[in-house]
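This report concerns only the one structure given below.
What follows draws every value from the coordinates through simple rules; no lab data is involved. These figures come from a predicted structure and were not determined experimentally. With ideal geometry, Cβ positions are generated from the backbone for all residues, glycine too; neighbour counts draw on all protein chains shown.
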Amino acid sequence: MALLVVPACLLVLALLIGPMILMFRISLNQFSPTQLMVQALSPDNYIKAATDPYYQQIILATLGIALLCTLLTLILAFPAAYWLGRMESRWKSLVVIATLFPLLVGNVVRSAGWMALFARDGLVNTSLLKLGVISAPLEIMYTTKAVIIGIIAVVLPYMILTLSAVIESIPRDLEYAAANLGASGARVFWRVILPLSGPGVAAGSILVFVLCMNTYATAVLLGGPRFKMMAPAVYDQFVRGNNWPMGAALAFMLLAVTMAFTVFGSVAFARKYRTG
Amino acid sequence: MISRRHFLSASAGVAALASGMPTARAEGGQVVVGTWGGDYGQLLSDIIDKPIMAPKGFEIVQDVANADPRKTKLLAERQSRRGSMDVSCLSDNDAYIVSQSDVFEKIDAAQVKRLDKVFPELKSDIAIPHIYSAQVILYNTNQVKTPPQSFADLWDPKWRGKIGLADILYPNNTLAAALAGGGGVSNLDPAEKKLMEWRSLDVKIYPSNEALAAALKSEEVWLTTMWLARGFMWKKSGIPLAHVVPKEGTPAIVFQASVPKNAKNKAGGFAYLDAMLDAKAQGGFADKMGYVPTVTDAPLPEDLAKQVSLTEAERARLLKPDYAYAAGRSQRTLDFWNKEFKA
């Protein structure tokens, strides 16, 4: 049976671990403006990335945005996931497909849509101006709120589908039993549904958090040039600065922070879940 | 004894000669051109590949990518006996950086026949100048009645919040700031103070040239510094713009083409460079993209010339980049732009 996982593992080893080893090696090289990269074995790029206040600020901002988006996504996704998880209609598969539908559109295309909505002369501003709600266009594009809206729109389906699968597996009888014993709807949610959907909350949150940490297109297109997140900073070093060693070091720093938070979250949840 | 196969191939050859078909195809061979896609790649295909190279028997294959992957490929392949490109198209700054690793063949008139027609100030020993343009001030004619005459004028507080810059052109915006502060192509130091002053005047930054064009169109901003060629394309798309060649000088950008030392078809590569300098082809690029011919015998129609060319006096103010200085300072320029100016 164990042999069944071999092809997938080999694929991951070849396509993920292999390039990562190569990139780690690059991160130890040194940048040269004319030769682009000089062979070396130096931790300088990591020291610079970890000690430069500019990158410290970016990593903190990225963490803040990712945590906020994860929390907001969880709050927005839960009611929809509950509804979907409890649905018994023959249209359920269509609703699942509809939930998946936004994932069929690439991030760049989706962000372009948001740009058309949020622009100074976009649909939102034009409509509000025509209705007389505002007298001057709102600055929505190139703001943090535009990025948060854009990111949540991207990750929401992942959270809904993960949660709904878990909620579906919680026996309906437990809710009836709690209600029968006099629990209000809110109490049933807090004492029955939420604890039992814990694995879904954890899995969905980790998935969404990782996606948020690595946001690139949404941050660049909706946040504009002044908005700072790690993935665009990595791109900047690789493509605009041609500084592959620094770009690789920043990529590993992003990976390390994301992994640390993911592992911490998983362990904390597992401990809580084990102890009830 | 003549076999059936020999007879058929000999007959085909005779028939081809008789019908005047080009027979040099095998002689010319395949030429791989590393180029940008989009309008540039399409125009190369329409104006050079099909009408000039194909009749000479060359089969052109475009290796489409942005400049950075192309630079990386050239550097990664430099130790290989056979590279993947016969022609590499890069901007002058990028070509300089790559050439430091001794990647390109030297250009001389024996290989590129039309080299003697190239404007002397655009010549380089590792590339031919294909097209060029100059960094000017663009302004919205509806809103700006007294246009600025110099880069320094863009720091006038009356333009507060009305100047937009393209983020991707940060080296050029930095150079404009240096020129405004009394610096130059070999001295970007004054740029840092001027950029911070610009920041305090609420200069707006847009992620791409297209986003900047949209802001100019919606009159969110009224002024910018940009390639004259791009201004021409924006005007053609209906944005009410005019340009000023700044007093301090107008930095040039030259899009070049080179033949890598390890090209498989060097003769084909040089033939391609020669075709890029063809007078008719040069006119075609000016008409479609607004970039100015680099050769003396490709005069443009008067109306087009007025929009995309520089006058003699303006050409005298053309500033050739100090490639070595810009390359050596590239990381500092990017860091200042990101960490201080955009902070």
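Between the listed residues B:Leu43, B:Ala229, B:Val32, the Cα displaced farthest toward the positive end of the dipole of chain B, a dipole computed from Cβ unit charges relative to the Cα centre, is found at B:Val32. Taking a straight line from the alpha carbon of B:Lys236, these lysines sit under 23 Å away, with near neighbours fewer than eight places off in the same chain left out: B:Lys145, B:Lys162, B:Lys217, B:Lys280, B:Lys288, B:Lys306.
A Cα-only calculation for the protein assembly as shown places Rg and Dmax at 29.6, 106 Å.
Would you mind ranking B:Lys264, A:Lys228 so that the residue whose beta carbon has the fewest other beta carbons within 10 Å leads the list? Mind dumping the intermediate values first?
Values: B:Lys264 17, A:Lys228 23.
Starting with the residue having the fewest Cβ neighbours, the order is B:Lys264, A:Lys228.
Just need the relative contact order of region A:55-272 here, percent rounded to a whole number, with Cα pairs under 8 Å and 6+ apart. Kindly include the intermediate steps, with their values, before the conclusion.
On the way: 235 pairs, mean separation 61.3, N = 218.
It comes to 28 percent, rounded to a whole number.
Across region B:81-198, the relative contact order, built from alpha-carbon pairs under 8 Å that are at least six residues apart, equals 14 percent. For region B:176-230, a crude dipole built from +1 on the beta carbon of Lys and Arg and -1 on the beta carbon of Asp and Glu, taken about the Cα centre, is about 80 debye to the nearest 20. Counts of other chain beta carbons within 10 angstrom of each beta carbon in peptide B:330-336 average 4. Loop-located trypsin sites (Lys or Arg not before Pro) in region B:148-203 (DSSP state other than H, G, I, E, B) with a sparse environment of at most 16 neighbouring Cβ atoms within 10 Å: B:Arg160.
Residues A:Thr99, B:Thr146, A:Thr162, arranged from fewest to most other Cβ atoms within 10 angstrom of their Cβ, appear as B:Thr146, A:Thr99, A:Thr162.
Over all alpha-carbon pairs in region B:261-333, figure out the percentage whose distance exceeds 14 Å. Could you put the intermediate results ahead of the total?
Details: 1877 of 2628 pairs.
Pairs farther apart than 14 Å: 71 percent.
The smallest convex shape that holds all Cα atoms of region A:55-272, its convex hull, gives 160 Å³ per residue.
Hey, could you get me the Stokes-Einstein D for chain B, Kirkwood radius over alpha-carbon pairs, 20 °C and 1.002 mPa s, rounded to whole µm² s⁻¹? Calculated translational D: 99 µm²/s.
For B:Lys194, the aspartates and glutamates whose Cα falls under 14 Å of its own Cα, not counting residues fewer than eight places away in the same chain, are B:Asp153, B:Asp156, B:Asp202, B:Glu340. Going from the fewest other Cβ atoms within 10 Å to the most, the residues B:Thr224, B:Thr72 appear in the order B:Thr72, B:Thr224.
Could you give the dipole magnitude of region A:55-272 about its Cα centre, charging the beta-carbon of Lys and Arg +1 and that of Asp and Glu -1, in debye to the nearest 20? My answer is approximately 140 debye. Under 5 Å from the amide H of B:Asn187 lies no amide H of any residue 5 or more positions distant or on a separate chain, with H modelled from the backbone and absent for Pro and chain starts.
Overall, region B:104-196 carries a charge dipole of about 380 debye about its Cα centre when +1 sits on the Cβ of Lys and Arg and -1 on the Cβ of Asp and Glu, all other atoms neutral.
Other chains' Cβ within 10 Å of A:222-231 residues: what's the mean?
Values: counts 1, 1, 7, 15, 8, 2, 4, 0, 0, 0.
Mean shielding count: 4.
Over all pairs of different C-alpha atoms, region B:43-92 has a mean inverse distance whose reciprocal, the Kirkwood radius, equals 12.4 Å. Under 5 Å between amide hydrogens, built in the peptide plane, is the criterion, and for B:Gly34 it picks out B:Asp63, B:Asp86, B:Val87, B:Ser88, B:Cys89 among residues at least 5 positions away or on other chains.
Go ahead and estimate [θ] at 222 nm for the protein assembly as shown from helices alone: -39,500 (n - 2.57) per DSSP H run with n ≥ 4, summed, over the residue count, rounded to 500.
Details: 29 runs with 317 residues, N = 619.
Computed mean residue ellipticity for the protein assembly as shown: -15500 deg cm²/dmol.
Residues whose amide H comes within less than 5 Å of that of B:Ser208, counting only those at least five positions distant or on another chain, are B:Asp167 (H built at 1.01 Å from N in the peptide plane). Projecting the Cα atoms of B:Val244, B:Ala263, B:Ile52 onto the charge dipole of the protein assembly as shown, computed from C-beta unit charges around the Cα centre, puts B:Ala263 farthest toward the positive end.
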